[in-house]
Amino acid sequence: MKKLVYLLILIMGIAACETIIDLDIQFDDKQMAVSAIFWDQRNPGDSTVCVWVSDVLHPLAKNTSRIILTDAEVSLFENGQFVENLQPIIRYKQEYNWQNNQIDTIKFGYFKSHHPLTPGYSYKITANRPGKKEVTHFYIHPPRVIPTSVKLTNPEKGEVTITFDNPKGIQQFLVSLKSSTNRTEYFSSIDPHFQIFRSSNLDDSEDEPGAPVVGRYGILYDKNSQPRSQQQFTFYIRDFDSQNLSNYSVEFGAVSESFPLYIASYLAFINSENTLSTQPEVIYSNASKGLGISMGLNTGNYNIQP
């Protein structure tokens, strides 16, 4: 009986000494994130580097809004050598503010460079802003792969076959179907290594360039790809009319390894329920310091031959 009394006293003593620790995790504290896309030869003779800098919040923050920053200093390095500071491209848009029932003018933009890109070279992006930690990430530009043919191989099925040499065993390629009629064209493939994505915008001429993604596009991603010649990829255009063949073009080329990793993680993130009871999906980042992604495309546009 005495042992029981002592046990009850011990339990009461522990309960009385309980301390509540407030971790005070600042989910609403913003940190700087940097996203960079390296375009090469999407338009003949043109290379473009576009960088977006923003203040972002922790996934569990009460307010999930982000602020685009246009007053940061963004620098480009090539093989360890400083190239230039990127120039800010400032734009404005109007958004309806539901809190005060009025139209707000929002300032946004990005940073841009037309420095020529070289396959196999390494590139570094750094971003600095007073009061923020520097963000740095590295990127290696993918090689150039030019198709030997882009051909309509079965008009009745809308079947198109891309033939190309792959001497370096590149594992990831972008395939995008475009139309001069400015309508979204749908296509599919039975290749098990190909994943198609919804309409998106990768063009830097748009109001919000690089937003995740005019056209339909997909990624051919084969982790076991080996060097070979005359590699082929076949896809099918929905509701194809051979009389309109001249309206179509195909964007094709190699992309960086970070490209499919980022796209897959981004889509998983926006489709997940980010609540206190659910572990948020993590968006892929290859920044060595801070948050962000560097990814690139070395692609070209090709007409479909009959």
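The values are calculated or read from the model by the stated rules, or taken from the named source; none is laboratory data. Every value quoted in this text rests on a predicted model; they were computed, and no experiment measured them. Glycine also receives a Cβ, built like all others from the backbone with ideal geometry; neighbour counts cover every protein chain displayed.
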Discussion item. Suppose we filter the range 289-306 for residues that are crowded, with 17+ Cβ neighbours inside 10 Å and outside any strand (DSSP E or B); how many remain?
Written reply: 2
Response to the item:
Only one of (1) out of contact with any helix residue (DSSP H, G or I) (no Cβ under 6 Å at 6 or more places or on another chain); (2) at pLDDT 70 or above does not apply to GLU206, and that is (2)
Practice prompt. Return the pairs, sorted by first residue and then second, in which the second residue is loosely packed, with under 14 Cβ neighbours inside 10 Å and among the hydrophobic types (A, V, I, L, M, F, W, C), the first residue lies in the range 154-181 and is closer than 12 Å to THR234 by Cα, the beta carbons are less than 9 Å apart, and the residues are 6+ apart or on different chains.
Written response: PHE164/ILE146
Worksheet item: Does TYR266 satisfy the criteria of being surrounded by 14 or more Cβ atoms within 10 Å (Cβ to Cβ), at pLDDT below 90, hydroxyl-bearing (Ser, Thr, Tyr) and over 21 Å from HIS141 (Cβ atoms)?
Response: yes
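Of all residues in the range 122-143 being under 16 Å from SER75 (Cβ atoms) and assigned to a loop (DSSP other than H, G, I, E, B), which is nearest to the chain's Cα centre (by Cα)? First the steps, then the outcome.
Just the residues of the range 122-143 that are under 16 Å from SER75 (Cβ atoms), to begin with: 122-130, 132-139.
In the following step, the residues that additionally are assigned to a loop (DSSP other than H, G, I, E, B) were identified as 129-130, 132-134.
Details: ARG129: 23, PRO130: 26, LYS132: 23, LYS133: 22, GLU134: 21 Å.
Looking at the filtered set, the residue picked out is GLU134.
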Worksheet item: Any residue at all in the range 144-157 that is loosely packed, with under 14 Cβ neighbours inside 10 Å, of a type in the set (S, T, N, Q) and in a loop (DSSP other than H, G, I, E, B)?
Response: yes
Discussion item. I'd like to check something: does the range 72-92 contain any residue that is exposed (fewer than 14 other Cβ atoms within 10 Å of the Cβ), out of contact with any helix residue (DSSP H, G or I) (no Cβ under 6 Å at 6 or more places or on another chain) and among the aromatic types (Phe, Trp, Tyr)?
Written reply: yes
